[in-house]
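The values are calculated or read from the model by the stated rules, or taken from the named source; none is laboratory data. This is a predicted model, so every value here is computed, not measured. We place every Cβ from the backbone using ideal geometry, glycine too, and count neighbours over all the protein chains shown. The accessibility values were calculated without ligands, DNA or RNA, using every heavy atom of the protein model including side chains. Shrake-Rupley method; radii C 1.70, N 1.55, O 1.52, S 1.80 Å.
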Amino acid sequence: RNEDFEFLTELAIGATYHRGADVGECLTTVARIHDGDAESWYVEWKATADRVAGIASACEDAGHLVSARWTWLRAATYYDTATFFLDATKQPERFRPTWELHRSAWEGFVRCSGGQIERVAIPYEGTELEGWFFRVDDSGRKRPLLILNNGSDGPVSAMWLQGAAGGLERGYNCLTFDGPGQGAALWRQDLYFRPDWEAVITPVVDFALTLAEVDPERIALLGVSQAGYWVPRAVAFEKRIAAAVADPGVWDVGASWRAHMPKSMLKLLEEGEREKFNRNLDWGLRFRRAARGTLEFRMRPYGCETPYDVYQALREYTLDGVAERIECPILITDPDNEQFWPGDSKRLYEAVSTPADRKELVRFTSEEGADSHCEPRALGLRDQRIFDWLDRILA
């Protein structure tokens, strides 16, 4: 009955399309979970992840690299799934070590992939962003490149599921990265989200153009979840992108934060009442551990000291005055029952300056089983529609 538990379960089961999970492992795990109990969620998903990781390690030690590869990927999915509600438990400090287990499992998947996936370092403002380059083959042939931009809380393994696997099958080399506030950049480098995402994508494109296998005229950028804001923002300024995909379109990131906030609290934000806002919010969450945990989980990548600070920072995460600068071909997904940014996809579609025959608003419906944020139960249909459009645009 818990909507958040249901959505995360759908994400895990949806991962089976690209071998990121097994249905049986997912179902037997959720059968052990007490609905709405964050501790139970963590314990049971981690237990499944530990068991599967043990199998992966044994397969790898025995030289069964194909078995090890896909088993490591399933373990990575399960470790990541385990972390989502940790901030609502009495031991949220388990987040970082569990994330490290997820990353170790992902690296096992990479290790057993026969050189198809390469860890790369992308120069960025005096440091480097960790990235992963996925090759179709070792021919050295120039191919179209799909850059995969994760969202606010997605793991690197999600970029395999939500783009790289489908891209490789269709002849696209792929590149993903942990940007500020994501994955290794957050946990190992203390880098935080920024609204001017072109400052991230431009170095990524610069790096991509150093790769011999990349066709510089056919670079596409796909953004998932909150990257439905970052990708349109980036392509408004970075003109070397030949095609963009926003899944879904996000006009105002902060809208989902403010959606259920009382008018009295919104007024405190408008009036700059930092102390009063924080005090009232703290009181309102005093006996709501799940809601407090969600807030702490969502705040972490912004690097802000208090809730007031992050709510104010979110004012910059909007496409107001930016969307009309977008001219490149763009596909925007528009799923039924979008629970975070309803209506933003259509608003973005109507605002961009891209010619009508080079932009597309693609509905995903309940009847197709493809509704909800990022179409978690329909990765096959999602792949088909996104890549068929990219094939046409980049042909």
Residue match in the stretch 57-66 (condition: touching a Ser or Thr at 6+ places or on another chain (Cβ under 6 Å), open to solvent by 10 Å² or more (accessible area, probe 1.4 Å) and either over 27 Å from residue 6 (Cβ atoms) or not acidic (Asp, Glu) (or both)): yes
Residue under evaluation residue 171, criteria (1) of a type outside the set (D, E, K, R); (2) on the phi < 0 side of the Ramachandran plot; (3) open to solvent by 10 Å² or more (accessible area, probe 1.4 Å), criterion not met: (2)
Among the residues listed as 235, 205, 224, the single one being touching a residue at least 60 places away in the same chain (Cβ under 8 Å) and over 23 Å from residue 21 (Cα atoms): 235
Matching entry among 330, 393 (being touching a residue at least 40 places away in the same chain (Cβ under 8 Å) and over 21 Å from the mean Cα position of the chain (by Cα)): 393
Which numbered condition residue 98 misses (of (1) open to solvent by less than 10 Å² (accessible area, probe 1.4 Å); (2) among the polar types (S, T, N, Q); (3) within 21 Å of residue 227 (Cα to Cα)): (3)
Filter result for the condition that a residue is crowded, with 19+ Cβ neighbours inside 10 Å and under 16 Å from residue 144 (Cα atoms), over 220, 212: 220
Residue 298 being on the phi < 0 side of the Ramachandran plot, in contact (Cβ under 8 Å) with a residue 60 or more places away in the chain and of a type outside the set (S, T, N, Q): yes
Some residue of the stretch 62-75 being charged (D, E, K, R) and touching a Gly at 6+ places or on another chain (Cβ under 7 Å): yes
Candidate set from the stretch 110-157 (those that are of a type in the set (Ser, Thr, Tyr) and over 24 Å from residue 395 (Cα atoms)); member that is most open to solvent (accessible area, probe 1.4 Å): 127
Residues within the stretch 298-326 that are basic (Lys, Arg) and within 13 Å of residue 253 (Cβ to Cβ), tallied: 2
Positions within the stretch 263-286 being outside any helix (DSSP H, G or I) and within 14 Å of residue 311 (Cα to Cα), in sequence order: 272, 273
Hits in the stretch 297-346 - residues which are open to solvent by 30 Å² or more (accessible area, probe 1.4 Å) and closer than 26 Å to residue 240 by Cβ: 316, 320, 321, 324, 325, 327
Condition met for residue 53 (under 19 Å from the mean Cα position of the chain (by Cα), assigned to a helix (DSSP H, G or I) and within 24 Å of residue 182 (Cα to Cα)): no
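Output the residue which, of all residues in the stretch 360-381 that are in a loop (DSSP other than H, G, I, E, B) and touching a residue at least 40 places away in the same chain (Cβ under 8 Å), is surrounded by the fewest Cβ atoms within 10 Å (Cβ to Cβ). Walk me through it before giving the result.
Filtering the stretch 360-381 for residues in a loop (DSSP other than H, G, I, E, B) gives 365-378.
Then keep just the ones that are touching a residue at least 40 places away in the same chain (Cβ under 8 Å); that gives 372-378.
Numbers: 372: 22, 373: 23, 374: 24, 375: 27, 376: 22, 377: 18, 378: 22.
Residue satisfying both the conditions and the ranking: 377.
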Residues that are open to solvent by 50 Å² or more (accessible area, probe 1.4 Å), within 25 Å of residue 87 (Cβ to Cβ) and in contact (Cβ under 8 Å) with a residue 24 or more places away in the chain, drawn from the stretch 12-45: 13, 35, 39
